[in-house]
1. Scan the range 19-48 residue by residue and report those that are among the hydrophobic types (A, V, I, L, M, F, W, C) and out of contact with any Ser or Thr (no Cβ under 7 Å at 6 or more places or on another chain).
2. Restricting the range 85-104 to residues that are open to solvent by 30 Å² or more (accessible area, probe 1.4 Å) and aliphatic (A, V, I, L, M), which is farthest from Thr143 (Cα to Cα)?
3. Restricting to the range 131-155, name every residue that is among the β-branched types (Val, Ile, Thr) and closer than 11 Å to Leu36 by Cβ.
4. May I ask you to list the residues in the range 136-156 that are open to solvent by less than 70 Å² (accessible area, probe 1.4 Å), closer than 14 Å to Tyr52 by Cβ and touching a residue at least 24 places away in the same chain (Cβ under 8 Å)?
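The values are calculated or read from the model by the stated rules, or taken from the named source; none is laboratory data. None of these values were measured; they are calculated from a predicted model. With ideal geometry, Cβ positions are generated from the backbone for all residues, glycine too; neighbour counts draw on all protein chains shown. Just the protein is used for accessible areas: all its heavy atoms, side chains included, with ligands, DNA and RNA removed. Shrake-Rupley method; radii C 1.70, N 1.55, O 1.52, S 1.80 Å.
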Amino acid sequence: MSRLSKAALITFVVATLAGSCLHFLYALWPNGLTALLAPVNESLWEHVKILYWPACSPVFCWCAGSRRAWAPRFSLLLSAAVMLGVGYLYHVVLEGDSLFFDVALYVLVMAAFFLLPCFLRTPVWSRTRLLWAALVLALGAATFVFTWCPPDGLLFRDLSLPAIYSLPC
């Protein structure tokens, strides 16, 4: 594995800070556009936006380079799944409520998003690049649809509200 470039490290820091700023954007400026870009509540699903939008930004796509354009797409999907899975385990199953945990999880998931493409350079992944692009677009469409019409479910429940749910046995 080659060493990370200075540009890649700067891109990671900028993308992570941009996602952190997105977390507060809707609270500062509530409207339809910011609702699409930023979490509108403290649900696990809404927090996918702070990973998705910085990862899909033109700056990141330029820094990722066109030769490995499939890798960030796969990396984004895997990172979003990990963020949802670990968040669900911590907040819903274990009933945890730590801001430090949430911030650490976000930074680790962003780091995984940036580092994973360095490890997955085999040609088998690049042959399925259209599939990864379609799935990333589907994730973006889901964030759009579920912003306005969230389904019932623990992933979409505002975790800042009192717990009125029970896990199925």
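1. Within the range 19-48, Cys21, Leu22, Phe24, Ala27, Leu28, Trp29, Leu33, Leu37, Ala38, Leu44, Trp45 meet the criteria.
2. Restricting to residues being open to solvent by 30 Å² or more (accessible area, probe 1.4 Å) and aliphatic (A, V, I, L, M), the top hit is Leu94.
3. Selection gives Thr143, Val145, Thr147.
4. Residues satisfying the conditions are Val136, Leu139, Gly140, Thr143, Phe146, Thr147.
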